[in-house]
Amino acid sequence: LRGYVRICAPYQRVDTARNRIVAAFMELVTRDDATLIMLDCDHAHPQDIVIQLAGYPQEIGVVGALYFRRGPPFDPLFFVRHGEALRGPAEYERGVLYEVDAVATGAIAIKRWVFSRLLESGASLPFFRYEYKEGDAYWSMTEDIYFAERCEKAGIRHYCDTGIITPHIHQTLITADNWERYKEEHPEIIEKSVLLQSE
């Protein structure tokens, strides 16, 4: 369909699955502008999400859809560097393509040139890995943050398109309403967030 090829992975640890999918993708295609789209199964993805995520220009190497943490504080899962730590936004505008330091990988598009540049810059494999280490108490080092840090060192920016929303599936669908309600009930969370500027 539309020139897309599907890469399937059996159930396994998510960082292992991502790395195996990347390896298959790198063998399957050679064009730098080819796009790998990863869609996690715990989301209610829009029907046209593949078309939307595949539509960015060549220079945008990593772009993710907007979604929210499955549990409190239900915050939007894209981040900018604030000193030594990554912080999520206190507020954001809908329909904006934000340039960020990290974006969650539940619905993400990555151009092939990103993986090539990571290798050329000396980034070690794997590209995705859980890091079980002491860190900022507000964050756990998941495979998406690990990938973002490798990209940051190689000068590869990430983006989040707040016009593409893919609700996280939990006991209910987790949306912006959960985040707004949590902020009202816990105003102290704003101190752990950053204010974004849109152009």
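The values are calculated or read from the model by the stated rules, or taken from the named source; none is laboratory data. All figures in this text were calculated on a predicted structure; none of them were measured in a lab. With ideal geometry, Cβ positions are generated from the backbone for all residues, glycine too; neighbour counts draw on all protein chains shown. SASA here: full protein model, heavy atoms, side chains in, ligands and nucleic acids out. Shrake-Rupley method; radii C 1.70, N 1.55, O 1.52, S 1.80 Å.
Annotations
- Inter-site label distance for Q171 and R20 at 7 Å from Cα along Cβ, in nm: 3.3 nm
- Of L66, L39, T175, farthest towards positive along the dipole that unit charges on Lys, Arg, Asp, Glu beta carbons give the chain: L39
- Rounded to the nearest 20, the Cβ-based charge dipole of the chain about its Cα centre (Lys and Arg +1, Asp and Glu -1) stands at 760 debye.
- In the assembled protein chains, Y182 presents an accessible area of approximately 40 Å² (probe radius 1.4 Å).
- Modelled label reach - V194, point 7 Å along Cα→Cβ, segment 73-104 residues with backbone N closer than 15 Å: 76-93, 98-104
- Per-peptide packing, taken as the mean over residues of other Cβ atoms within 10 Å, places 117-129, 58-70 in the sequence 58-70, 117-129 from highest down.
- For segment 1-75: rounded, prolate or oblate by the Cα gyration tensor [a/c cutoff 1.5]: oblate
- Under the span-like rule (Cα at least 27 Å along the axis, Kyte-Doolittle mean at least 1.0), DSSP H helices of the chain: none
- Using heavy atoms of the protein chains and a probe of 1.4 Å, the accessible area assigned to E185 is about 120 Å².
- Helical contribution to [θ] at 222 nm, DSSP H n ≥ 4, -39,500 (n - 2.57), averaged over the chain, rounded to 500: -7500 deg cm²/dmol
- Set of aspartates and glutamates near K183 by C-alpha distance (under 14 Å), chain-local residues within fewer than 8 positions excluded: D75, E91, E191
- Linear extension gain, T30 paired with S124, 0.36 nm per residue minus alpha-carbon span: 31.8 nm
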